[in-house]
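Before any comments, here is the structure.
The values are calculated or read from the model by the stated rules, or taken from the named source; none is laboratory data. None of these values were measured; they are calculated from a predicted model. Glycine gets a Cβ as well: all are built from the backbone with ideal geometry, and neighbour counts include every protein chain shown. Ligands, DNA and RNA are excluded from the accessible area calculation, which covers all protein heavy atoms including side chains. Shrake-Rupley method; radii C 1.70, N 1.55, O 1.52, S 1.80 Å.
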Amino acid sequence: MIRNIVLDWGGILIDLDERRSIDEFHRIGAFKVADYVEYCRVEDMFLRLELGQIDTAQFCREAREQDPAYKGSDDALCHAWNVLLSGIPEQRLKRLEELKRHGRLFLLSNTNEIHWEYARRWWQPENYFEKIFLSYEMHQVKPEKEIFLRMLQEGGMKAEETLFIDDSKRNCDAAAVLGIQTIHEKSLDYVDNLPW
C-alpha cells in the first residue's frame, strides 16, 4: 500500500528550458558557462553547487575562472542560470492537491540555492509537501543510495510504502534497488493509474 509519495522537482513539477538559459548565457557573454548547460555537464562548479559544497558567490567566482572573458555581474550570471526554470503550470499544482489526499507528500530534488531561492519568490512549496529534501542542503545527490536512505529515515517512511516519481531512469533505478516503488515519467502531467 502506498502511504508516501515522493516527487522530483525539475522536469516533474517545474518545466525546464535549457535553451533559454544557454541563450541568456550567450547574450551576456558567458560562453564557456553556456557550454555546461548545452552539454548537460553536471560536474565541476555545477555539481559542487548541487552538493552545497559552494555557495552562490563561490559559484560566480568559479564561473569567471572558467570564462575569464566574461566581465558582467554576478546577478546577470544567476539570472541566466535561473531562466532555465520556466514555471509550474497551474494544473500541476492542482494535481499536488489531489495527491495530498492519497498520502504523505514529499519532494526530493537535485537542485542548488540559486534555483531554489529564485523559485521561492513565486512558489510556496511548504503548502504542498510535508518535508522537502534538497541535494544542496543534504550534501548528497541522486542517484546515490545514501540520499534515498536518509530521505526514508528522516521522513519516517518505509521503502515498500513509498512511491518515487522522477524524470530520470537512473534515479528511479537507484530507488527501486532499495525497495521503493517508482514511476519514470517526464512530467507529472503524464502520471496516471497510480497504485493506491
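For labels at Asp35 and Asp75 in the simple 7 Å Cα→Cβ model, what's the distance in nm?
Once both label points are built, they end up 2.9 nm from each other.
Would you mind working out the magnitude of the charge dipole of the chain relative to its Cα centre, with +1 at each Lys and Arg C-beta and -1 at each Asp and Glu C-beta, to the nearest 20 Debye? Could the numbers behind the result be given before it?
Values: 26 positive and 36 negative charges, 70 e Å.
Computed about the Cα centre, the dipole is about 340 debye.
How much FRET efficiency would the formula 1/(1 + (r/R0)^6) give for Glu130 and Leu178, where r is the Cβ-Cβ distance and R0 is 22 Å, rounded to 0.05?
0.65
Can you tell me which of 117-123, 178-184, 161-167, 84-90 comes out highest on packing, and rank the rest after it, using the mean Cβ neighbours within 10 Å?
Details: 117-123: 13.4, 178-184: 18.0, 161-167: 22.6, 84-90: 15.9.
Highest mean packing first, the order is 161-167, 178-184, 84-90, 117-123.
For n ≥ 4 DSSP H runs only, could you compute -39500 (n - 2.57) per run for the chain, divide by its residues and tell me the 222 nm figure to the nearest 500? Please report the intermediate quantities before stating the final value.
On the way: 10 runs with 88 residues, N = 196.
Per the formula, -12500 deg cm²/dmol.
Within segment 76-114, whose backbone N sits under 20 Å from a point 7 Å along Cα→Cβ of Lys186?
Under 20 Å, as judged by backbone N against the label point of Lys186, lie 84-93 of segment 76-114.
Could you tell me, in Å, what Rg and Dmax come out for the Cα atoms of segment 66-182?
16.4, 52
Mind checking which of Val177, Gln124, Ile165 is farthest towards the positive end of segment 120-196's charge dipole, using Cβ charges of +1 (Lys, Arg) and -1 (Asp, Glu) about the Cα centre?
Farthest along the dipole direction, towards plus: Gln124.
Of all the accessible heavy-atom surface of the chain, with the other protein chains kept in place and a 1.4 Å probe, what percent is carbon and sulfur? Write down the numbers at each step before the final one.
On the way: 4450 of 9660 Å².
The value for the chain is 46 percent carbon and sulfur by accessible area.
Do any GluC sites (Glu not before Pro) in segment 1-74 lie in a loop, going by DSSP, with at most 16 other beta-carbon atoms within 10 Å of their beta carbon, and if so which?
Details: sites: Glu18, Glu24, Glu38, Glu43, Glu50, Glu62, Glu65; in loops: Glu43.
Those satisfying the criteria are Glu43.
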